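K.L.:
Below is a structure I'd like to ask you about.
FYI, it's all coordinate maths here, none of it is from the lab. Note that this is a predicted model, so its numbers are computed, not measured. A quick note on method: Cβ atoms are made from the backbone with ideal geometry, for glycine too, and the neighbour counts reach across all protein chains shown.
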Amino acid sequence: MDNPIFRKLQDAVEHPCRSKDWFGMAEQAINTIYALGEHPDELCNTIIKNLTRRAFVPRPKAAAATDPDAMDEDQPVGDKSVDKTEDGDVTMTQDGSMQDEKEKDVGDAFELSQLLFVVGHVAIKHIVFLELVEREWKRQKDEKTAGIYFIYIFVFFLVC
């Protein structure tokens, strides 16, 4: 897993890109990691953690919101009135169903879709990987037991 090809694949998947072609590239990169890697779960774990950080990091507010000359506007919701407090929190006067501005979604939907795509594809590839590991263990166990049976048969013929 120390080979530079794995680092390049990780960089390719983690590179910020908003193209729909990214999904096909990420799929092939994950396929390659699982085809060539001894411990693909470790690298994919790092990729998923990095994509999670990127998807859920708070975004800086728009320039208009940080402009000191910009005015705050109240947003009417149905027949209920919405007020902004001095620190920018949004409150609802009747039933309190509005969230504060600080609790609003901070992630990017496209980056979230990239994260979920990678998590899903890694899950599928890891199931296949575990099935291959299990098959290899069973093969080794069968070889070991076959060797023991061969020794028993050989000893039996020597005794008889």
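K.L.:
Which far-off residues, 5 or more places away or on another chain, put their amide H under 5 Å from the one on D108, with H placed in the peptide plane?
P.N.:
Amide H neighbours of D108: none.
K.L.:
What is the set of long-range amide H partners of C17 at a cut-off below 5 Å, with H atoms built 1.01 Å from backbone N?
P.N.:
Long-range HN contacts for C17: none found.
K.L.:
Using the basic label-point model (7 angstrom from Cα toward the beta carbon), what is the H126 to F154 distance in nanometres?
P.N.:
4.3 nm
K.L.:
Another question, if that's okay. Output ³J(HN,Hα) for region 113-126: one whole-Hz value per residue in order, computed from phi by the Karplus curve 6.51 cos²θ - 1.76 cosθ + 1.60 with θ = phi - 60°, and x for Gly and Pro.
P.N.:
After applying 6.51 cos²θ - 1.76 cosθ + 1.60, I find 5, 5, 4, 5, 4, 5, 4, x, 5, 5, 4, 5, 5, 6 Hz.
K.L.:
In region 1-53, with Lys and Arg counted as +1 and Asp and Glu as -1 at Cβ, which of these residues, L9, I30, S19, has the Cα nearest the positive end of the dipole, that is, farthest along it?
P.N.:
Going by the charge dipole, the pick is S19.
K.L.:
Contour minus end-to-end for A146 and T52, with contour as 0.36 nm per residue of separation and end-to-end as the Cα-Cα distance?
P.N.:
Length gained between A146 and T52: 29.1 nm.
K.L.:
Please give, to one decimal in nm, the separation of the simple spin-label points placed at I5 and R59, each 7 Å out from Cα toward the Cβ.
P.N.:
Output for this residue pair reads 3.7 nm.
K.L.:
On to the next question. How far apart, in nm, are two points set 7 Å out from the Cα along the Cα-to-Cβ line at H39 and at S19?
P.N.:
3.3 nm
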